Amino acid sequence: MDYKDQLVLTGQINNVGDPIMTNVLTSYRAGIEITSGVKICKSLRWDMNMTFSRNKIKNFTEYVDHYDEYWEFISQKSENLGETDLSFSPNFIANSILKYEIFKNLDINFFTKYVSEQYIDNTSNNYRKLNAYLLNNIRIAYSLETDLIKEIGFYLMINNIFSEQYESNAWVYQYYVGDTHNNLFGFYPQAEINFIAGISLKF
């Protein structure tokens with residue numbers, strides 16, 4: 001997909017100091033997705049997909065707030081960085097689902113998801129990115145039919161079974177005080193192993 005005048009964050013601010021979305025003249029997202037599945041045996045199925053992509057701004061200019069040593073705002077410094085990566089756009093994502101039917105109406109699913117590293121702003125700066133992570137979840141589901149209710153479903157979801165420590169989102173604020181360049185970061189760490197159980201009813 002080629003974009004014209006896509007709105008992105010560049011660091012520019014409005015007249016009261018709030019960040020604004022700015023049009024970049026040309027940007028694009030290009031990639032390929034591969035999906036496959038195989039029934040290994042009567043009770044076991046494996047489905048998977050992979051996405052490879054490039055997500056770029058062709059000519060990006062960043063803006064950084066500039067303060068004097070007394071923290072009085074002076075202006076914004078700008079720098080043209082050329083071609084950069086779009087924020088929160090990993091180049092590679094892979095998913096796998098192994099489904100095993102223990103017996104009729106009772107199955108167990110093993111989910112695996114890999115997300116490659118991604119930048120948290122549009123500058124392609126290696127100090128401002130999220131690390132790649134690998135997640136594994138298990139879902140156990142059982143259903144039964146009754147005369148009163150068409151189907152009753154029970155499930156247990158065990159998320160992040162290996163307690164992977166990762167962040168799925170973040171923010172950064174960069175600024176100058178005098179000639180010193182500073183960065184403030186905020187990260188959103190996700191839960192380690194956790195459980196969800198539920199019941200569904202179909203009438």
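The values are calculated or read from the model by the stated rules, or taken from the named source; none is laboratory data. The structure displayed is predicted, hence computed values, not measured ones. Heads up, the Cβs are rebuilt from the backbone with ideal geometry, glycines too, and the neighbour counts pull from every protein chain shown. Areas reflect the complete protein model, heavy atoms only, side chains present, ligands, DNA and RNA absent. Shrake-Rupley method; radii C 1.70, N 1.55, O 1.52, S 1.80 Å.
Order S27, S53, S78, S168 by their accessible area, 1.4 angstrom probe, all chains in place, largest first.
S78, S168, S53, S27
Using a Förster radius of 35 Å, what is the FRET efficiency between D2 and Q165 based on their Cβ-Cβ separation? Nearest 0.05, please.
Once rounded, the FRET efficiency stands at 0.40.
Can you give me the C-alpha center-to-center distance between segment 1-63 and segment 151-181, rounded to a whole angstrom?
Segment 1-63 and segment 151-181 have Cα centres separated by 18 Å.
Using only Cα positions of segment 1-95, each an equal point scatterer, no hydration layer, compute I(q)/I(0) via Debye at q = 0.13, 0.21 Å⁻¹ and quote the log10 values to two decimals.
-0.63, -1.04
List, largest first, the extents of the alpha carbons of segment 43-166 along their principal axes, each in whole Å.
74, 32, 27
Which pairs break 21 Å Cα to Cα here: K99/K150; K4/K77; K58/K129; K4/K56?
Correct reply: K99/K150; K4/K77.
What are the extents of the Cα atoms of segment 94-203 along their three principal axes, in Å, largest first?
Taking max minus min along each principal axis of the Cα atoms, segment 94-203 gives 76, 25, 21 Å.
Taking the Cβ of W46 as the center, what net charge do the other residues with Cβ under 9 Å away carry, scoring Lys and Arg +1 and Asp and Glu -1?
+2
With a 10 Å cut-off between alpha carbons and a GNM built on the chain, which of V177, V64, V24 moves the most?
Checking each option, the largest mean-square fluctuation is seen for V177.
What percentage of the solvent-accessible surface of the chain, computed with a 1.4 Å probe over protein heavy atoms, is contributed by carbon and sulfur atoms?
Taking all protein chains in place, the chain shows 55 percent carbon and sulfur surface.
Modelled label-to-label distance, I158 and N49, 7 Å Cα→beta-carbon offset: nm?
Placing both labels 7 Å along Cα→Cβ, they lie 2.7 nm apart.
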